Amino acid sequence: MDYPVAVALAESVAVLPEGDGWWYEPKFDGDRGVVWRRDAVRIQTRAGRDATEQWLDIAAPAMALPRDTVLDGELVIWRAGRVDFGAVRSRSSARGRRLAGLMQQWPASFAAFDCLMLGGQDLRGRPYTERRAALLDVLEPLGPPLQPVPATDDVNVARVWYETLTAQGIEGIVAKRADSPYRANRSWKKIRHSESVDVAVVGYVGPPGRPRRLALRLPDGRCVLSRPVSAGVSAEAAEHIAGSGPGAASARTDDGEPYAAIGPGLVAEVESGTTRHSTVTVMRLR
């Protein structure tokens with residue numbers, strides 16, 4: 001397995017799927033991360049970017065994993081007993097002394113939910129239940145900050161998680177088929193408390209090194225500008241802009257607002273309900 005790995009995605013659904021063969025996991029509100037243990041440890045974002053520097057407090061203990069092991073999961077930060085996505089965003093965009101200070105003040109955890117390779121053996125084609133067993137085996141002797149997410153095949157337990165874990169920053173539930181391999185498509189089902197939608201980022205407004213707003217292609221086909229984005233989102237977008245190659249020199253939204261176009265490949269999660277209006281709120285980049 002060569003990096004980067006194409007990560008598996010989940011399709012948002014309205015209710016928990018039921019029946020024999022379904023497993024359920026809490027959805028932690030963090031940054032997706034793939035942890036590679038080879039001669040050293042590399043942490044890959046969902047987009048394939050190397051984020052090892054931002055998560056050295058995960059990379060260091062991950063050296064205890066068997067060589068040629070790859071885990072998928074969420075990079076999370078706990079504050080006051082709940083997962084804090086804002087702290088994750090701050091960590092992702094920080095550098096130098098600020099980054100070192102954030103690591104010391106708010107250390108990270110890795111909520112692992114899949115084992116893609118173990119000791120050089122590619123497990124992606126194996127059923128979920130086999131990969132889950134491998135994940136538990138490899139992490140059991142290590143402990144925090146590398147931990148497996150809870151999982152159950154009891155839909156009633158999953159409903160309790162869905163209803164009671166929001167106070168801890170749990171977004172919802174991810175449902176997976178027991179016999180499903182690890183595929184880089186929407187083979188999982190995600191049930192969330194707060195509705196959101198993933199949209200294509202087609203451009204930006206502002207300097208390419210620090211975009212202020214993003215141009216978004218909504219599911220209904222309209223192109224709109226977002227509200228001003230956070231510093232973390234701006235930094236991630238700037239990195240994509242620098243590496244995506246030039247798009248059209250300029251373009252306009254459906255409302256006639258100009259923006260600089262970019263190449264494909266960047267996806268934003270936007271807040272539910274805002275797509276009825278002329279602007280949307282970008283929650284994070286995928």
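Here, each number is a calculation from the coordinates, and none is a lab measurement. Predicted model only: the values in this text are computed from it and were never measured. Neighbour counts run over all protein chains shown; Cβ positions are idealised from the backbone, glycine included.
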#### Entry: Relative contact order of region 9-192, pairs being alpha-carbon contacts under 8 Å that are 6 or more residues apart, as %
34
### In region 1-65, the GluC sites (Glu not before Pro) that fall in loop regions by DSSP, at most 13 other Cβ within 10 Å
18
### Query
What is the order of 20, 57, fewest Cβ neighbours within 10 Å to most?
20, 57
#### Entry: Protection proxy ranking of 228-237, 257-266 - average other beta-carbon atoms within 10 Å, highest first
228-237, 257-266
### Task
Could you work out how far the C-alpha centroid of region 138-195 sits from that of region 1-62, in angstrom?
12
### Task
For the chain, go through all pairs of different Cα atoms, get the mean of 1/r, take its inverse, and jot down that Kirkwood value in Å.
19.8
## Note on the structure
Of all DSSP beta bridges with both partners in region 9-192, the antiparallel percent, nearest 5, is 85
### Query
Hey, fewest Cβ within 10 Å first, where do 240, 193 land in order?
193, 240
### Summary
One computes Rg over Rh for region 196-285 from alpha-carbon atoms, with the Kirkwood Rh, and obtains 0.92
